[in-house]
Amino acid sequence: MKREDRNIDVSIIVPVYNHENYVKQALTSIIEQETIYTYEILVGEDASPDGSKDVIRKFEKENPGKIYPFYREKNLGATKNGYALYMKARGRYIIVLEGDDYWSDKNKIQKQVHFLDEHPEYIGVASNFSKVDKNNIVLEAECIHQGRVNRAFTWSDFLEYGFEFQTATLMYHNIYLDGGDYSILYKAHEMVGDLTVLTILLNRGNIYVMGDVMSAYRYVVDKSLTNACSVSNKDPALSLIKTVRQYVLLKPYLINKCDFDLQISEKKTDFLIKMIKGREGYTRNRWEKLRRMGNWKTNLCIVPMFFKICMEKVTKMLQKQG
């Protein structure tokens, strides 16, 4: 049966770039799922310079009909690659499993589809997760505190706590089937898509967070690598500016258009302090660019934030001297 003729419950999006050492484990963790629900695996190999393409081709040959790979002729970038896969997705629900992560619960699909079918009031369902290194050694067994699971995660929670669950844990309604323009997924940021997706989702509904550990997030940071954390560490000042730009571009998707003002002000204040300290990359030219982002209120709030941080540091110094 052709993919187009099947009724699909879940579209599993697998973006791959320089994941030669990990992508087989990611794909294997999908096809080993024990579920009554139907799914498709859409793999976007984004013209990796390593051997990722060869690994995927071999996996495809060894597991015929299991995956639908898209081999990019040139690199699209993380969010454009993801967007292209979203637009191909036909399932009722979406999951993203990046090529260097993997699922650790063989019943993940079964549990999460069943939950969303039984609880249509939720836009999505996530879960707890573990953190592993490049050798699959567990760095943290449960990354979400027990007091924060088995409950709804709201937009207010996101604004207060930020990201609590990891991309691979989340299953959500396939909003992309409504025919709307979702090009913001790559226009907001060329590499980081989590903030964009969660902003859209949580302004439409809540996400339930299960307590089960269902996936493993691979945490590897090295200046020679191309994952988001490693790239951010190469030039944290530029990364900060791009995040603020992302906040600004996402305003049309907010119910309350001022919701990101606090985050923008905090980022600007952080940049200003590091610029004053002479940190590498925090230049005056970049500051002028950053200062013009957002509305006037985000600049006005910098003054009290700046003095609050200064007073806190002075207080700590005096306490140490005392």
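Nothing in this text is a laboratory measurement; each read-out follows from the coordinates by a stated rule. These figures come from a predicted structure and were not determined experimentally. Please note: Cβ atoms are built from the backbone with ideal geometry, for glycine as well, and neighbour counts cover all protein chains shown.
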query = Points 7 angstrom from Cα along the Cβ direction at Asn233 and Thr315: gap in nanometres?
reply = 3.2
ask   = trypsin sites (Lys or Arg not before Pro) within region 252-313: which are DSSP loop residues with at most 12 other Cβ atoms inside 10 Å?
value = Lys257, Lys277, Arg292
inquiry  = Which GluC sites (Glu not before Pro) in region 246-316 sit in a loop by DSSP (not H, G, I, E or B) and have at most 12 other Cβ atoms within 10 Å of their own Cβ?
reply    = Glu280
message = Using the Cα atoms of region 240-321, I'd like the radius of gyration and the largest Cα-Cα distance, Dmax, both in angstrom.
response = 14.3, 49
task = Would you mind listing how long region 51-129 runs along its three principal axes, going by Cα atoms, in whole Å with the largest first?
result = 41, 27, 24
message = Considering the Cα positions of the chain, please state its Rg to one decimal place and its Dmax as a whole number of Å.
response = 21.0, 77
message = Could you identify which residue out of Glu118, Glu60, Glu20 has the top mean-square fluctuation in a GNM of the chain using Cα springs shorter than 10 Å?
response = Glu118
query = So what does log10 I(q)/I(0) come out to for region 132-232 at q = 0.22 Å⁻¹, using the Debye formula with one equal point on every Cα and no solvent?
reply = -1.33
request  = Before rounding to the nearest 500, sum -39500 (n - 2.57) across all DSSP H runs of length at least 4 in the chain and divide by the residue total; then give [θ] at 222 nm in deg cm²/dmol.
outcome  = -12000 deg cm²/dmol
remark   = Given 20 °C, 1.002 mPa s and a Kirkwood radius over Cα pairs, the Stokes-Einstein diffusion coefficient of region 89-173 in µm²/s is 152
task = Please sort by residue number the GluC sites (Glu not before Pro) in region 158-261 whose DSSP state is loop and whose Cβ has at most 15 other Cβ atoms within 10 Å.
result = Glu190
key: Most fluctuating residue given options Leu250, Leu272, Leu27, as computed from a GNM of the chain linking Cα atoms under 10 Å   = Leu272
